[in-house]
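What follows is a short report on a single structure.
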Amino acid sequence: MTSHEGRHRRTGGLPPGQHWLDEPEIMHYGPVPPLRPDRWTFVVGGATADGLEHTFEWSDLAELPRHDLVADMHCATRWSAPGLRWAGPRAADVIAMAPPAPEVRSVLVFAEFGYAANVPVADLAADTSLLATTLDGEPLTVERGAPMRLVIPHLYTWKGPKWVRGWNYLTTEDSDLGFWEQRGYHRRGLAWQEQRYDYQGEHP
Ligand SMILES: Nc1nc2c(c(=O)[nH]1)N[C@H]1C(S)=C(S)[C@@H](COP(=O)(O)O)O[C@H]1N2
Ligand SMILES: [Mo]
């Protein structure tokens with residue numbers, strides 16, 4: 001396992017029920033979408049503070065400060081991959097530009113082809129939650145989610161849509177569920193508490 005000492009160094013421990021893989025498997029449901037930056041927008045809607053839908057162009061998000069993050073990846077199918085080096089704007093900076101109404105506790109983050117995931121706003125707003133555009137210093141490949149992918153390292157990786165296109169703020173009346181949440185997976189998905197399935201403990 002010498003590669004853990006090089007580019008891919010583990011940054012944290014191994015959450016319960018996981019085993020290490022050197023490289024993350026490329027994993028997603030459905031086809032890889034074509035890269036069309038000219039038609040790309042990022043939309044924040046649902047219960048926003050001002051009641052409006054906010055649409056960002058690529059150039060709007062490219063102006064935001066960029067942050068580096070080295071993080072392990074934890075897939076709910078039980079593999080973890082060490083030391084991925086991501087960079088991009090913080091999700092928190094997009095929340096600041098299009099904030100939620102006060103009662104909002106969670107979002108449905110959505111991507112191309114209808115993939116989506118439920119994420120608590122508090123997790124999305126964490127300093128370590130990035131809208132990554134590079135991996136290991138290179139622009140994301142299309143298989144890894146180009147042009148942009150959400151990375152929330154403390155949650156299982158299904159909470160980080162590749163080809164992310166925005167999110168909707170949910171109120172307690174909204175029952176929208178993401179792709180895996182519709183199939184019985186957990187609303188929060190905290191890897192450290194092994195929140196794989198919905199029946200495993202509390203969620204917001
Ligand atoms: N759009 C989209 N994003 C997705 C998925 C998906 O099916 N569609 N799968 C998730 C899951 S379950 C995992 S483990 C990671 C895999 O990322 P990788 O292909 O870079 O290893 O992507 C996540 N993001
Ligand atoms: Mo996964």
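Can you list residue pairs whose Cβ atoms sit under 6 Å apart, with the first residue in the range 65-81 being at negative phi and outside any strand (DSSP E or B) and the second being within 8 Å of ligand 1 (Cβ to nearest atom) and not β-branched (Val, Ile, Thr)? Count only pairs 6 or more apart in sequence or on different chains. That search, which allows pairs on different chains as well, returns Ala76/Tyr156; Ala76/Trp158. When Ile95 is tested against (1) assigned to a helix (DSSP H, G or I); (2) surrounded by fewer than 17 Cβ atoms within 10 Å (Cβ to Cβ); (3) more than 16 Å from ligand 1 (Cβ to nearest atom), exactly one condition is not met: (2).
Taking residues in the range 179-196 that are within 13 Å of Tyr115 (Cα to Cα), and partners anywhere that are of a type in the set (Ser, Thr, Tyr) and surrounded by 15 or more Cβ atoms within 10 Å (Cβ to Cβ), the pairs with Cβ atoms closer than 9 Å and at least 6 places apart or on different chains are Phe179/Tyr115; Phe179/Tyr185; Trp180/Tyr156. A single member of Asp123, Asp127, Asp176 is assigned to a helix (DSSP H, G or I), closer than 22 Å to Glu103 by Cα and either within 13 Å of ligand 1 (Cβ to nearest atom) or of a type in the set (Asp, Glu) (or both), and it is Asp123. Of all residues in the range 66-80, none satisfies being closer than 18 Å to Val43 by Cβ and away from ligand 2 (no atom under 16 Å from the Cβ).
Within the range 1-15, restricting attention to residues that are assigned to a loop (DSSP other than H, G, I, E, B) and loosely packed, with under 10 Cβ neighbours inside 10 Å, which residue is modelled with the lowest pLDDT? Step through it out loud before you land on a result.
Just the residues of the range 1-15 that are assigned to a loop (DSSP other than H, G, I, E, B), to begin with: 1, 6-15.
Filter once more, keeping what is loosely packed, with under 10 Cβ neighbours inside 10 Å: 1, 6.
Details: Met1: 38, Gly6: 45.
For the range 1-15, the residue satisfying everything is Met1.
The values are calculated or read from the model by the stated rules, or taken from the named source; none is laboratory data. This one's a predicted model, so the numbers in the text were calculated from it and none came from an experiment. Positions of Cβ are backbone-derived with ideal geometry, glycine not excepted, and every protein chain shown enters the neighbour counts.
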